[in-house]
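Taken together, the values in this text are just the output of simple stated rules run on the coordinates, not laboratory data. Just so you know, these numbers come straight off a predicted model, no measurement behind them. Because the Cβ atoms are built from the backbone with ideal geometry, glycine has one as well, and the counts that use them run over all protein chains shown.
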Amino acid sequence: MKKVLLIITSLFWLALTINATKFVNLTPMPKHITVAEGAYKLPESYSINAKHLPDSICVEAEKFVQTILKTTGCKARITSKKKADIEMSLDTNLPNEGYKLSVTKKKIQISASTTSGFFYAFQTIKKIMPAHVMAGLNPEQAQAIIPTFQTDKRPTIPCVEIYDEPRFWYRGFMLDCGRHFFTVDEIKHILDGMAMYKMNYFHWHLTEDQGWRFEVKKYPRLTSIGSVASDCRMNDMEKGYYWLGKPYGPFFYTQEDCREIVEYARSLHIEVIPEIDMPGHIMAALAAYPEFSCTPEGEHKVQTYQGGVWADVLNVGDPKAVQFARDVLTEVMDVFPGKFVHIGGDECPTSAWEKNKLCQIQLENLIKEGKIKDLGKENKHRFRPLQSHFIAEMNNHIKARGKQMILWNESVTAAGADLELIKSTGATIFCWNPCQQGAAIASSLGLDAVITEWGPGCYYINRKQHDGAEEPGAAGSGGKNDQLPAVYAYKPIPDNVTEPALRKHYAGVQATFWTEHVSDIRYCDYLAFPRLLAVAESAWSPEEKKDLESLRKRFTADTLLFDLTGRLYGKHFLLK
Ligand code: ACM
């Protein structure tokens, strides 16, 4: 008997070992996966039983069926019968966004408790199918792009058992469209890339010193003047750095463009978070409406120098300027239906407020009324609480619409910031610099933190990804700490944060992409990939599942998908 048991146990482990070595190309890594021998071959005509499920889930099945039809020619019968080739069932025990997937040689079974869960199950199926499916192409179209591309006539899906759920509810990517502009189609291309890796928030940085990109009907000069820079330093894959030598713009998104992006993102289960940066990084708006600056009679222009922090900020002591900010947010909230509104709050010098009569009066009045703390006349951060108060005012406006405000970490880390006021807003804090200090303060205040650390080895994936001599110019050195392994190794929750009451406020991670050095989508892709995979896996998969060699193998396999979808990528960490 003992011998039989031993043989059975050995066979079991042997099977597991074989399974462990069988490669399935899925990023981010699921929470649990076992891989079996063989594959399910999708019949030319197959059934999928979605009709008994709520409409929104049925829509996910229909989207999947359409993609399969378009890319493979296999036709589906959507039924309400219990038995089907692809069987879908609701399982209310599964977590939000989680799913179970079983692929055997005979059938596919999917269960989830939410529409998002089913969406991610379908994303997984498409991802482990031949690359032309996720690319949205049929084999002939794929061969027209890559002549050597080969695939089975009947598409196969490897046999797997998956239990999956994300580590974090927030899995974001930010694009700065203020310094350089990206078209609606280019934004959709970015959203496609995010969805492949199960990222669910697109943080859209819409305004900067260098350009205002969001149409505001009440203030038309924001886009007629604020979206045009007199010149612009470009940097693209073909030409490298150069000055345009003519006006850059007008480049902006109409409200209709924004609605189109929101709808496209929604179909990929991505929420768009608009960011209107205030009260700093707002020179483009002040060029259009100097009356809202601290020096209305002074010179104001859309900034042409790409980097930097400028002292020309919104006059938070002037009720008219504060109302302007509210009006802008009103239109933002009309256009973007999501829960979150990001109002920036980073890198805002107070020097213009210190010299401005209205700000001086406002500061004294607020101190007298006990609405902000008095740091003392000699304190060089004396005016910072004005910003905290402005943030609280914007929060009242955002909360009145039932939405949730997001801020950069300066709101809690800048010397003199009024932490009680910020705590009272319930805002979510996006932590970049000092990132982990920001997250520690935020969580101790009971505020959620999103980790998007800026420096080398972190999540600002617009930095150079390698230091080779042929590498195009970008921020950072591209040294070891900017490279894929370092980004992948970064732990969003440090080991020393052990208390559950604090850990629960680490809401997620974000890959952030600034465009000081990037003026075209091809270069954006090149810098973002493959590091986006590293951040996406850190966002979705358990920390202990991370395995650099495995990631490199999956990235190497994904180059087929990138080539098919016209996406550039760095080749430094491909497996040979
Ligand atoms: C930032 O990088 N200024 C948020």
First measure r as the distance between the Cβ atoms of residue 444 and residue 327, then evaluate 1/(1 + (r/R0)^6) with R0 = 51 Å and state the FRET efficiency to the nearest 0.05. 0.90
Any idea which of 362, 409, 309 is furthest toward the positive side of the dipole for the range 302-421, if Lys and Arg beta-carbons carry +1 and Asp and Glu beta-carbons -1? 362
Fully extended, how many nm does the chain gain between residue 367 and residue 75 (0.36 nm per residue separation, minus their Cα-Cα distance)? 98.2 nm
5 Å is the cut-off here: which amide hydrogens, built 1.01 Å from N in the peptide plane, fall below it relative to residue 430, excluding neighbours closer than 5 in sequence? 407, 408, 409, 450
Fraction in percent of alpha-carbon pairs per bin - 5 Å, the range 316-473: 2, 9, 16, 19, 18, 15, 10, 5, 4, 2, 1, 0, 0
Note down the relative contact order for the chain as a percent, whole number, built from C-alpha pairs under 8 angstrom at least six residues apart. 13 percent
Rough spin-label spacing in nm, given labels placed 7 Å along Cα→Cβ, for residue 169 and residue 238: 4.6 nm
Lone cysteines in the chain, defined as no other cysteine's Cβ under 4.7 Å from theirs: which are they? 58, 74, 159, 177, 232, 258, 294, 348, 359, 458, 524
Show me 34-46, 489-501 ranked by packing, highest mean number of other Cβ atoms within 10 Å first. 34-46, 489-501
Cα-based equivalent ellipsoid of the range 430-576: semi-axis lengths in Å, sorted from largest, via gyration tensor: 28, 17, 13
Name the lysines eligible as straight-distance cross-link partners of residue 51: C-alpha to C-alpha under 17 Å, and not fewer than 8 places from it in the same chain. 63, 75, 81, 82, 83
Which of the pairs 403/504; 320/423; 41/126; 371/423 have their Cα atoms more than 24 Å apart in this structure? 320/423
The local net charge around residue 95, scoring Lys/Arg +1 and Asp/Glu -1 for residues other than residue 95 whose Cβ lies under 15 Å from its Cβ, equals +2
Taking a crude spin-label model, label points 7 Å out from Cα along the C-beta direction, the residue 477 to residue 188 distance in nm is 4.3 nm
At R0 = 30 Å, how high is the FRET efficiency between residue 437 and residue 59 if r is their beta carbon distance? Nearest 0.05 is fine. 0.10
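Mind sorting 322, 509 by how few other Cβ atoms lie within 10 Å of their own Cβ, fewest first? All intermediate terms of the calculation are to be shown ahead of the outcome.
On the way: 322 22, 509 27.
In increasing order of surrounding Cβ atoms, one gets 322, 509.
Consider all pairwise Cα distances in the chain and report the whole-number % of them above 41 Å. Numbers along the way, then the final one.
Numbers: 45949 of 165600 pairs.
More than 41 Å apart: 28 percent of the Cα pairs in the chain.
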Cut-off is 10 Å between beta-carbons; in what order do 205, 466 appear when sorted fewest neighbours first? 466, 205
Using the 10 angstrom Cβ neighbour count as an exposure proxy, how do 310, 243, 169 rank, fewest first? 243, 169, 310
Count of lysine pairs, the range 153-287, Cα-Cα under 29 Å, sep. 8 or more residues or interchain, comes to 8
All lysines inside 17 Å of residue 380 as judged from Cα atoms, apart from same-chain residues fewer than 8 positions distant: 355
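Quick check on packing: order 170-178, 553-561, 206-214, 424-432 by the mean number of other C-beta atoms within 10 Å, highest mean leading.
Details: 170-178: 26.2, 553-561: 18.8, 206-214: 28.6, 424-432: 23.3.
Per-residue mean Cβ counts within 10 Å order the peptides as 206-214, 170-178, 424-432, 553-561.
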Subtracting the Cα-Cα distance of residue 83 and residue 267 from 0.36 nm times their residue separation yields 63.5 nm
Around residue 370, under 13 Å between beta carbons, what's the net of Lys plus Arg minus Asp minus Glu among the other residues? -2
Would you mind getting me the FRET efficiency between residue 92 and residue 256? Use the beta-carbon distance for r and R0 = 25 Å, nearest 0.05. 0.05
Percent antiparallel among DSSP beta bridges (both partners in the chain, rounded to 5): 35 percent
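Using Cα pairs closer than 8 Å and at least 6 residues apart in sequence, work out the relative contact order for the range 278-325, in percent. Intermediate values should be presented prior to the final figure.
On the way: 63 pairs, mean separation 21.9, N = 48.
With pairs under 8 Å counted, the relative contact order is 46 percent.
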Work out how much length residue 221 to residue 34 would gain on full extension: take 0.36 nm times their residue separation and subtract the Cα-Cα distance, in nm to one decimal. 61.5 nm
